[in-house]
Amino acid sequence: MAKVFGVFKTIRNNWKKSVFFTAVLSYGANFANEKYETHMFMSQCCKIVSAYGNMPLPVDKKPKKVTVILNPAANKRNSKSDFEKYCAPLLYLAGYSVTVLTTEREGGARSLVENLIDETDALIVAGGDGTLSEVVTGLLRRLKGDISLTQHLPIGILPLGRTNNVARQLLQPQNDNHVHFLTNATMAIINEVNSAHPVVKIENLESQNPEKCVYALNSIEWGALREAKVTRDQYWYFGKLRDLAAFVFGNKLIHYTLEADLEYSPPCSGCSNCYKKVNSAINNSSGLFSWISWAFSFKRNSGGTDYSKVINPECSNYSKVPIKTFNVNINLDVKQTPVLQINVCPENISYSEFVKEGYSKFRDENSKIQNFIIEAKDVTVTPHIDEENKWLSIDNEDYEVKPMRLSLLPNAVYLFKPDNSMNQKKNDQESSLSLDKLKNHIGLKQFV
């Protein structure tokens, strides 16, 4: 007993050192336990995927090829190491032929897809919402906006960025475990189930190149809250509280005011006006996008409504409203009938409301203030002349404020998602587009 009392006496006499070493030991034990659990979890995933990859392939089929567009700067430059540790092993074990293309500058993902020449069956975006927007923009620019061809090139998302709102909508993670999130996203790609997803086509009305549109899958934000968000990295020394610090020290932004005119059409579930068939321009680039096989085998949801026979006279009616606010946010609301949800904040708010509203956005909580909400299918935003030289965010990428037209494109791209629906079934039939038509569109060369 004397030795036990001696130990307690020593701890009491050196309580600062004791507290310090106890904290270090606790952190080390927790870190080691997390590493062990991650190792065991990845081992189990590898066993499952390996069994799938070892299955014999029919003699008339080739191993699928996927192209990964990796943004190494995403998530504070941790995306590359996370991809190599948690995503790449599963793709290789599943039997995929993987080509990794790394972006080297802002807008690099868009350029890589626009100039893609290798055969591939799917694109995989290894980054955040901004990288995904660039990849979709590059793809639709390459197809000259013809969304009828995107079904042949589904897109997988590996949530390796700082902001992964689209991936969260698709995968609906049950917890905040980053490794589980990444592996579930990878497994969704391996399961080869995809479904149609809408995008927002954004046209700069002052551009000399109208075909150079930008496509978004999440949101467009303009105003004081956006200005505060882009400054958060300046407060890196606050650690995890830097998101809050950006608004606490952004008190000058509460006087930010923007003025613009909105012209919008009401939501439409589909009619002859908004689902009309578009005659696609012929792409004369030889050999490009030779990835499309006319006997495509990925699984996807099927549709059966002929919207060319649906008449909706309200679809082409536009309303015009001026706005004066400190922040406006246009979200792509993905539901049974996708809509553009325009959230117009009040013109003036207090400092406390500004801090609460801004921080709630980082935590994906509902707005704390009363917003004016408009639901629309197409929107034209005309900023007043004094709004020049200001910036807005499209899927967290910065663009200069210009007059722009936002058009909702339903079923524009196909994204991999978990196989949790009984309506999703394997499509082993031939593509509805003939090989000759595909050649006319994008210069395909037939697989030998």
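The values are calculated or read from the model by the stated rules, or taken from the named source; none is laboratory data. None of the values given here were measured: they were computed from a predicted structure. Neighbour counts are summed over all protein chains in view; Cβ atoms, including those assigned to glycine, are modelled from backbone coordinates with ideal geometry. Note: accessible area is taken over every heavy atom of the protein model, side chains too, but ligands, DNA and RNA are not part of it. Shrake-Rupley method; radii C 1.70, N 1.55, O 1.52, S 1.80 Å.
Probe radius 1.4 Å, ligands and nucleic acids ignored: give me the carbon and sulfur share of the accessible area of segment 103-254 as a rounded percent.
After summing per-atom areas, the C and S share lands at 46 percent.
Multiplying the sequence separation of Phe362 and Glu106 by 0.36 nm and subtracting their Cα-Cα distance, what value in nm do you get?
Result: 89.8 nm gained on full extension.
If the limit is 18 Å between Cα atoms, which of Lys212/Lys390; Lys320/Lys361; Lys324/Lys361; Lys201/Lys402; Lys356/Lys402 go over it?
Lys212/Lys390; Lys320/Lys361; Lys324/Lys361; Lys356/Lys402
Please arrange His152, His384, His255, His39 by accessible surface area, largest first, computed with a 1.4 Å probe and ligands excluded.
Largest to smallest exposure gives the sequence His255, His39, His384, His152.
Rounded to the nearest 20 debye, what is the charge dipole size of segment 57-200 about its Cα centre when +1 sits on each Lys and Arg Cβ and -1 on each Asp and Glu Cβ?
160
Residue separation times 0.36 nm, minus the C-alpha to C-alpha distance between Lys320 and Lys47: what's the value?
Fully extending the segment from Lys320 to Lys47 adds 92.5 nm.
Between Pro346, Ala376, Ser360, whose Cα lies farthest towards the positive end of the dipole of segment 338-400 when Lys and Arg beta carbons carry +1 and Asp and Glu beta carbons carry -1, centred on the Cα centre?
Most positive-ward Cα: Ser360.
Could you pull out the pairs from Lys144/Lys377; Lys35/Lys62; Lys35/Lys80 whose alpha carbons sit more than 28 Å apart here?
Result: Lys35/Lys62 exceed 28 Å.
Is there a quick way to get the dipole size of segment 120-254? I mean about its Cα centre, with the Cβ of Lys and Arg at +1 and of Asp and Glu at -1; what is the value in debye to the nearest 20?
The calculation lands at about 340 debye.
Would you mind getting the accessible area per residue of segment 57-200, heavy atoms of the protein chains only, 1.4 Å probe, in Å²?
38
Cα to Cα, under 17 Å, and not fewer than 8 places away if on the same chain: which aspartates and glutamates meet these conditions relative to Lys76?
The reachable aspartates and glutamates, counting only those whose Cα sits under 17 Å from Lys76, are Glu84, Glu104, Glu106, Asp129, Asp233, Asp243, Glu397.
Pull out the extension gain between Ser26 and Glu84, defined as 0.36 nm times the separation in residues minus the alpha carbon to alpha carbon distance; nm, one decimal.
Here the segment from Ser26 to Glu84 would lengthen by 18.0 nm.
Taking square-rooted eigenvalues a ≥ b ≥ c of the alpha carbon gyration tensor, is segment 57-200 rounded, prolate or oblate, where a/c under 1.5 means rounded and, failing that, a/b exceeding b/c means prolate?
Note, shape of segment 57-200 comes out rounded.
State, to one decimal in nm, how far the label point of Ile373 lies from the label point of Trp236, with both points 7 Å from Cα in the Cβ direction.
That separation, rounded to one decimal, is 3.8 nm.
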